[in-house]
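**Student:** One structure, as structure tokens, below. Some questions next.
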Amino acid sequence: MIKLTTPTRPTRLDELLDARFVARLSALDLTSRKVLAGKMKGERRSKRRGESVEFADHRQYVVGDDLRHIDWNIFGRLDRLFLKLFLEEEDLALHIVIDASASSDCGEPSKFLLMQRLCVALGYIGLVNLHRVSVTAIAGLALGPDGQPTPQLMSSVRDLRGGRRLADLGRFMLQLTPGGPASFTEACKRIAIARRGKGVMLVMSDFFHKEGYETGLRLLVGRGFDVYALQVLSPQELEPDIAGDLRLKDCEDADLTDLTITAPLLKKYKQTLAAYCSRLRDFCAAREIIMQTIPSSVQPDVVVLDYLRRKGLVQ
Amino acid sequence: MTFLTPLLAGIAAAVAVPTLLILYFLKLRRRDVEVSTTLLWKQAIQDMQANAPFQRLRRNILLLLQLLALAGALLALAQPEIRGELTPGQELVLIIDRSASMQSTDGSPDDPRARQTRLDRAKAQALEMVDAMKEPGLLGSAGDRAMLIAFDTSADILTTFTASKAELRRLINDISATDSPSSFAEAFKLAKAHLRRRIHIDDREGGKAVTFDEQTEGGALVHLFSDGRIPDLSTIRAQREDQVVYHRVGRSDAWNLGIVSVRAERDFNTPSSVSVFVAVQSTSRRARTVDVQLSLDGRVVAVRPVELPAAQTVTAAGATGPDAAAPTDAVQTLVPSVRGAVFELSRAEGASITVQLRHPDVGLPEGTLTGEDLPDPLGVDDVAYVILPPARRLSIAMVSEGNFFLTRLLRSMNLARPLQVVPPSQAQAFIESKDLATYDLVVLDRWLPTRTVDGTPTLTLPPGRSLVLGAIPAPPLGLTDQGEAGATVALNWRRDHPTLRAASLENLIVNKGRKSVLPDNVGGATVVLAEGQDGPLIIEAADITRSAIITTFDPVQSNWVFQSGYPLFLVKAVEYLSRGGIGEDALTVRPGSTLTQRLPQDAREISMTLPDSARVPLVQSDAGDVNFGPVADVGIYTLAWQGTPGPQDATDGTTNRRTVAANLADPAESDLASADSIALASKVVQAQGDAQPLGARRLWPWLVLVALAVLMIEWWVYNRRVAF
């Protein structure tokens, strides 16, 4: 929970994604509960009829249809022209939204580090399976014109495809500096407006947004994404280890709260946290968002190979 | 409630309270912690505040508790007291009755079966009072001081005014009951003597009159712890400012059977037959029967039941109390019933007689007990002792020209052999003959043997015991005769002397006396018994070989011969001399008084054996007296010495013994009903209730305890709040 003064920042890609993990990820592919239309030719079955080898349906010939697709066997039997339709295989759009606000940079181990690693891992899966991978970071710091880090609303990298683009993804992730207040609703609105096509969206955040996460998530779902939500909480947020008379300062908006840590207060805090997570889960369930809460102390391979596989994001 | 040191507490409060508040503010400065979000914490706090009642109180409950504890400590520092009867710096006189009646076992008012003595109860009350005494304040204000007096017949100052509670407690615990009757006068005088006086200084030059009250405040606060059975209360004049507080112990319905008188007398004609008279007094409101048991030298010889009727309550109507302004209504007085028992014995030798009351053994009834249900609470008056001297008849010789009255009187005294009357012409030869030693006593009527000392003939006493009438022996065992004198009356005489106790000299007029003076160097061997205008009228003189009672005037030359006192004096003098200077009732003594015995002048290694078998060595005075006292316990006191025995002393050749009996035999002391009030000569003092708060109750220890308790609660609350 407590913001670390010297957080661990990975500087190289293999710190985010080591070789053994890569080996295990290579066998996985992304799935979607919905059959979505892609954009380019890919390896996933699309809603469209196209030119794969897999038969889909027949339909009556109309003038202008490609004669190559007429089913001549049926014409011979019935003396009527039918067109053979085949399934189209297209790519899948994977959009990862990562919360890079100051609150993500808290906890030991850092929540942001876990989110970075998950983002790279899932991005790798998407890239090697020829899906379109986009990553959007909400908030975060960027170097301004004066060389000072200034908060920004969001930053993103888009439409990466193929394993070669992993380096681009890694660069983006490594230059990402968490910080600044998150404006979750505004960022979600931008993401929803700027979306191209439909796809799978994974939102990773602690969802501790004072403005509320509801509007943002509703916007994302409303644009036809198959949304997964991953709530990452630090162990210190789950089991606070602070004591005494404290003045708590919110690292995002510098809001101050005076309190004396007492046993009933800690009990109340845990109740409040459980209620908050439960409310989030209920909200997600009502909108077909698959939601999972994970502590930042778990390893990314466990999250990917266990949690997300069970939730059906990868297989 | 008052505070002894409010200033100190105020200063401490002025320092401590702001300090605590400042400390609390310092404590409220919180550690800054940057967290990911305050969202959940705010919600948690809001929820808790919404759910918890007394939010404002709860927020600062630790401060409140600390302030409470501090307030307790500060109040304790101010030393608050609940005021009772005492005022600051009071001087108390605690007077504790230790007389025989305080041995009664009805002291515990709540549990009659406990058999606590009245003295124990009185001591407990006195200890309570000592505990309630104010201790000196921290800033030097004076504490209470107490003086402790214990009294029975006499009074002892156990300590003068002291503030040391430990000392007072120790001394109170050391008080033990005696078998003596009670007399409050001496104790009260002692108390008054030690209280400070008011000094008035009229400073005319300074133009103002100043009164220094040497005593800090108020008058004497005399606390009397007693059962109120004190006969001489009516002689005590308490002044207006003297506050006498009477703390009553014992039950007002207590009863008692006691021996109030015992006497053994030999028959005049047959001295070997002895009558023992025992008087038993009952203050019970029920008729009671008691066995009177008589023992001779420790052997029981007779038991006689005595039936005692119930004591009667007499109402004296219209009686007026000593407070003239407040005439009391009808006064109820309990008149004890007295019955006697007579034992006839036959015994020629001397003996010690023990009379004892044997109560029938009845158990205690169930339920609420009244005083009448309890057994006789006082044991000390259930036993009495009499020393019976051996039966003896006297042989008397008389030198006289012929005194008809004297001859008749002496002849009537049941003598061992007929009275030998020697005329003065043959007296000198008689005195110098060996015959003289065969007589117990010689009566010399206006004659004394003459001896030549330094060439001049002087009158001297003959050897042995003699009663001299109308002649003055010369010093050293006598007086310096200064010739004839005129008429005189008796100005002063020893009323307590055995020879004069019955013979009043009030109406004595000596027509023709002699002027004489007691030489300075005579010392104690010659004692003046009666004194007139021109010198001694009656003297007693004794040395190792001689003892005599001498009247310096001729009784025939006075009106004494026509008065009944004269024959009484003669008979008592004869008996006194023949017993070797021991009075008729000198073998009994009352507890509380001094035991005085005259021993032969050559007595050595004198010791006294007490009833509890302890031996006390005694020293003889110049006059031949030994004194022991005050006698504390009833029982037999045995005096033993080496040398010549007295005429009636038991002897085994080397060691001589004389026994003296000490009996309570006091009707007033045997009346145990605890008095509701004591009537002094000047005021009536009502008894204080047993559970009356006695004085200032110090509260600071309680406040410190409260402060400690609050601190513990504060610690608990704090721990409950921070515990994980």
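**Student:** Bin width 10 Å, origin at 0, all Cα-Cα pairs of region B:588-662: what percent of pairs per bin?
**Tutor:** 21, 56, 22, 0
**Student:** What's the center-to-center distance, using Cα atoms, between region B:505-569 and region A:10-33 in Å?
**Tutor:** 146 Å
**Student:** While we're here: I'd like to compare B:336-343, B:123-130, A:199-206: which one has the highest average count of other Cβ atoms within 10 Å, and what's the full order after that?
**Tutor:** In descending order of packing, they fall as A:199-206, B:123-130, B:336-343.
**Student:** List the extent of the Cα atoms of region A:240-315 along each of their three principal axes, largest first, rounded to whole Å.
**Tutor:** In descending order, the Cα extents are 49, 29, 27 Å.
**Student:** Two decimals is fine: what's Rg over Rh for chain A, C-alpha atoms, Kirkwood radius as Rh?
**Tutor:** 1.08
**Student:** Only bridges whose two residues both fall in the protein assembly as shown count here: according to DSSP, what percent of them are antiparallel, nearest 5?
**Tutor:** That works out to approximately 65 percent antiparallel.
**Student:** A further question on this structure: Evaluate the relative contact order of region B:396-578 (contact order divided by residue number), counting alpha-carbon pairs under 8 angstrom at least 6 apart; express in whole percent.
**Tutor:** 21 percent
**Student:** From other protein chains only, count the Cβ atoms within 10 Å of every residue's Cβ in A:209-217, then give the mean.
**Tutor:** Rounded to a whole number, the mean comes out at 1.
**Student:** What number comes out for the charge environment of B:VAL468, summing +1 per Lys or Arg and -1 per Asp or Glu over other residues with Cβ under 10 Å away?
**Tutor:** 0
**Student:** Also: Where does each of B:TRP493, A:TRP72, B:TRP447 land when they are ranked from fewest to most other beta-carbon atoms within 10 angstrom?
**Tutor:** Arranged by neighbour count, lowest to highest, B:TRP493, A:TRP72, B:TRP447 become A:TRP72, B:TRP493, B:TRP447.
**Student:** Shifting gears a bit: Separation of region B:438-456 and region B:463-491 by C-alpha centroid, Å?
**Tutor:** So the two Cα centres are separated by 13 Å.
**Student:** Then there is this: Using alpha carbon centroids, what distance separates region B:627-657 and region A:76-147, in Å?
**Tutor:** Cα centroid of region B:627-657 versus Cα centroid of region A:76-147: 131 Å apart.
**Student:** Across region B:396-578, what fraction of all alpha-carbon pairs, as a whole percent, falls in each successive 10 Å bin from zero upward?
**Tutor:** In whole percents, the pair-distance histogram is 10, 40, 39, 11, 0.
**Student:** Still on this structure, please answer the following. Order of B:284-296, B:148-160 by packing, highest average Cβ count within 10 Å first?
**Tutor:** B:148-160, B:284-296
**Student:** What's the Cα-based Rg to Rh of the protein assembly as shown, Rh via Kirkwood?
**Tutor:** Checking Rg against Rh, the ratio lands at 1.46.
**Student:** Oh, and also: Looking only at other chains, what is the average number of their beta-carbon atoms within 10 angstrom of each beta-carbon in A:250-263?
**Tutor:** So the per-residue partner count for this stretch is 5.
**Student:** Please compute the length gained on full extension between B:THR407 and B:ARG393, using 0.36 nm multiplied by the number of residues separating them and subtracting their Cα-Cα distance.
**Tutor:** Net length gain for the segment: 3.3 nm.
**Student:** Among the listed pairs A:LYS210/A:LYS267; A:LYS189/A:LYS270; A:LYS111/A:LYS210; B:LYS165/B:LYS192; A:LYS189/A:LYS210, give every one whose C-alpha distance is greater than 28 Å.
**Tutor:** The answer is A:LYS189/A:LYS270.
**Student:** Restricting to Cα pairs below 8 Å that are 6+ residues apart, what does the relative contact order work out to for chain A? Please round to a whole percent.
**Tutor:** 20 percent
**Student:** Along the principal axes of its C-alpha atoms, what lengths does region B:216-312 span, in descending order and rounded to whole Å?
**Tutor:** 68, 33, 27
Computed from the coordinates by the stated procedures, all read-outs in this text should not be read as laboratory data. On a predicted model such as this, the values are computed, not experimentally measured, just so you know. Reconstructed Cβ throughout: ideal geometry from the backbone, glycine too, with neighbour counts over all protein chains shown.
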